[in-house]
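S.K.: Okay, handing you the structure first.
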There are 2 protein chains.
Amino acid sequence: MPRTNDDPRALRSRAAALAAATELLVEGGPENVTHATVARRAGIGRATVYRHWPDQQALLIDALAGDVRPLLAFDDSPVRDQLVTQAEQMAHRLNQPSAVSILATVIQRAERDEDARRIREEMFGRADEDFTRVLAAAVERGELRPGAQEHARDLIARIIGPLLFERFLHGVHLEKDLVVSLVDAALAPWLPNA
Amino acid sequence: MPRTNDDPRALRSRAAALAAATELLVEGGPENVTHATVARRAGIGRATVYRHWPDQQALLIDALAGDVRPLLAFDDSPVRDQLVTQAEQMAHRLNQPSAVSILATVIQRAERDEDARRIREEMFGRADEDFTRVLAAAVERGELRPGAQEHARDLIARIIGPLLFERFLHGVHLEKDLVVSLVDAALAPWLPNA
DNA sequence: TCCTCTTCGATACATACTGTCTCACAGATG
DNA sequence: CATCTGTGAGACAGTATGTATCGAAGAGGA
């Protein structure tokens with residue numbers, strides 16, 4: 001007795017619809033994601049799309065949420081290496097037009113929509129606490145001066161922020177040079193030999 | 001013999017439509033700006049809106065362009081003062097939900113639309129050269145170390161970028177403390193006594 | 001003031017889109 | 001093989017979009 005949520009047919013059509021919705025979002029913006037366009041692109045019935053997502057808002061939100069989940073992830077290696085790695089991955093994502101479309105859509109809708117705000121928080125909410133722990137460990141090891149662990153969010157903002165600025169407002173391709181120089185500039189005040 | 005462009009009636013209806021379009025954009029996003037909604041809000045005929053803007057894209061672009069023209073403007077006062085003032089004004093604008101809506105819309109559409117890219121460049125294109133001159137003058141006066149004038153864009157990115165990050169991705173209200181600390185951090189490497 | 005030109009709002013109209021419903025069919029389960 | 005259940009196709013009403021037409025009123029020159 002299969003139910004709506006675990007029936008292979010439902011999973012198939014749902015996945016096809018979400019993939020199509022993401023494509024359409026990237027190609028033509030959020031107003032391009034309608035039940036009709038998604039159904040046509042996904043090769044499924046229009047009624048099926050309505051069954052899964054009663055309104056277009058829910059459809060768009062699911063398409064947005066499915067793509068951009070983990071934006072920063074830290075581990076136990078030296079702080080500078082981690083920052084360079086993470087910032088480079090971030091730059092690489094931002095260099096893809098699709099990421100800008102999706103991020104800008106989330107930012108725009110988050111101003112008015114509760115669900116979009118939730119998605120936005122999923123992207124960066126966890127990063128602060130994780131990185132705080134990373135910084136604390138680095139202070140323990142003597143990599144950074146004491147107090148650094150209280151500025152996790154500031155550090156991230158001063159590295160990722162300029163990347164956003166260059167990509168969003170100048171439309172440039174983000175290069176590794178920029179990433180490295182941003183990381184070093186942000187870290188400089190906390191190096192022990194400074 | 002009045003023509004389309006200088007007839008007071010045409011100017012009136014055009015202005016009313018643009019004002020209404022901006023309101024609707026801020027309230028409900030770009031998909032909320034249609035010929036019908038604009039006409040109703042502006043109290044003018046639907047056909048009139050079609051007369052001025054044959055397609056919705058053109059209408060939206062004009063509404064976007066009319067609002068966010070001069071984002072940074074520099075003069076001859078000391079560099080740090082100017083940066084603090086400009087960054088504060090920027091923070092003040094970003095704190096208003098309408099600015100985020102409009103900026104995010106421009107960013108999103110600039111990825112695909114030529115006109116939106118033009119608007120984006122009007123916002124920041126001039127800032128680089130203007131600020132380069134400001135920095136050069138400051139170097140002359142001994143306020144900054146030589147070479148600073150070649151990093152105008154970097155400086156702006158390292159001040160405005162983190163503001164964008166905090167506002168766009170964390171949704172926080174931007175405070176003066178943050179602005180000042182960003183300006184000082186960005187300027188630190190170029191101070192003569194460093 | 002009067003006359004002429006242009007834009008205006010209102011309306012009508014064809015077409016396209018949206019959201020809901022029904023139904024026969026095929027895939028999934030046991 | 002028998003029985004559910006999600007599916008695609010299509011019908012349908014209601015709404016939105018885009019265009020054309022018309023009389024009314026504003027604008028500017030005589």
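Every number in this text was worked out from the coordinates using simple rules, so none of it is lab data. If you're wondering where the values come from, they're calculated on a predicted model, not measured in any experiment. All Cβ positions, even for glycine, are placed from backbone atoms using ideal geometry, and neighbour counts span all protein chains on display.
S.K.: How far, in whole Å, is the closest Cβ of chain A from the axis that maps A onto B, and which residue does it belong to?
M.R.: Measuring from each Cβ to the axis, the minimum is at A:GLY161, 2.
S.K.: For the range B:116-123, what does the Karplus curve 6.51 cos²θ - 1.76 cosθ + 1.60, with θ = phi - 60°, yield as ³J(HN,Hα) per residue in whole Hz, taken in order and with x for Gly and Pro?
M.R.: 5, 4, 4, 4, 4, 5, 5, 6
S.K.: Taking θ as phi - 60°, what are the ³J(HN,Hα) couplings along the range B:9-20 by the Karplus curve (6.51, -1.76, 1.60), each to the nearest whole Hz, with x for Gly and Pro?
M.R.: 5, 5, 4, 4, 5, 5, 5, 4, 5, 5, 4, 5
S.K.: Further, regarding this structure: Expressed as a rounded percentage, what relative contact order does the range B:8-65 have, with Cα pairs under 8 Å and six or more residues apart?
M.R.: In percent, rounded to a whole number, it is 38.
S.K.: For chain A, what relative contact order do you get, as a whole percent, if you take Cα pairs closer than 8 Å and at least 6 residues apart?
M.R.: On the way: 190 pairs, mean separation 37.1, N = 194.
Once divided by the residue count of chain A, the mean separation gives 19 percent.
S.K.: For the range B:79-190, with only Lys/Arg (+1) and Asp/Glu (-1) charged at the beta-carbon, what is the dipole magnitude about the Cα centre, in debye rounded to 20? Show your work: numbers first, answer last.
M.R.: Values: 15 positive and 19 negative charges, 23 e Å.
So the magnitude is around 100 debye.
S.K.: Please list, in order along the range B:53-61, the HN-Hα scalar couplings obtained from phi with the Karplus expression 6.51 cos²θ - 1.76 cosθ + 1.60 (θ = phi - 60°), rounded to whole Hz, x for Gly and Pro.
M.R.: Those phi angles translate into 10, x, 10, 5, 3, 4, 4, 5, 4 Hz.
S.K.: In debye, nearest 20, what is the charge dipole magnitude of the range B:8-65 about its Cα centre with +1 on Lys and Arg Cβ and -1 on Asp and Glu Cβ, if you could check? Could you put the intermediate results ahead of the total?
M.R.: Values: 7 positive and 5 negative charges, 80 e Å.
In debye, rounded to 20, the range B:8-65 gives about 380.
S.K.: If you don't mind, there's one more thing I want to ask. Only Cα pairs under 8 Å and at least 6 apart count here; give the relative contact order of the range B:79-190 as a rounded whole percent. Walk me through the numbers on the way to the answer.
M.R.: On the way: 83 pairs, mean separation 38.8, N = 112.
Value for the range B:79-190: 35 percent.
S.K.: Hey, what does the equivalent ellipsoid look like for the protein assembly as shown, semi-axes from the Cα gyration tensor as sqrt of 5 times each eigenvalue, largest first, whole Å? Don't jump to the answer; show the numbers that get you there.
M.R.: On the way: eigenvalues 303, 205, 44 Å².
So the equivalent ellipsoid measures 39, 32, 15 Å along its semi-axes.
S.K.: Taking B:GLU175 in one copy and the same position in all the others, each labelled 7 Å out along Cα→Cβ, what are the pairwise distances from the first, in nm, shortest first?
M.R.: Taking the point 7 Å beyond Cα along Cα→Cβ, the inter-copy spacings are 3.8 nm.
S.K.: Quick one: angle between helix A:97-110 and the longest Cα principal axis of chain A, in degrees between 0 and 90, rounded to 10, please.
M.R.: 90 degrees
S.K.: Ok, one more. Placing the label point 7 Å from Cα along the Cα-to-Cβ direction, what are the distances from A:ASN95 to the equivalent spots in the other copies, shortest first, in nm to one decimal?
M.R.: Sorted ascending, the copy-to-copy spacings read 3.8 nm.
S.K.: Let me ask something else. From Cα coordinates alone, what are the radius of gyration and Dmax values for chain B in angstrom?
M.R.: 20.2, 68
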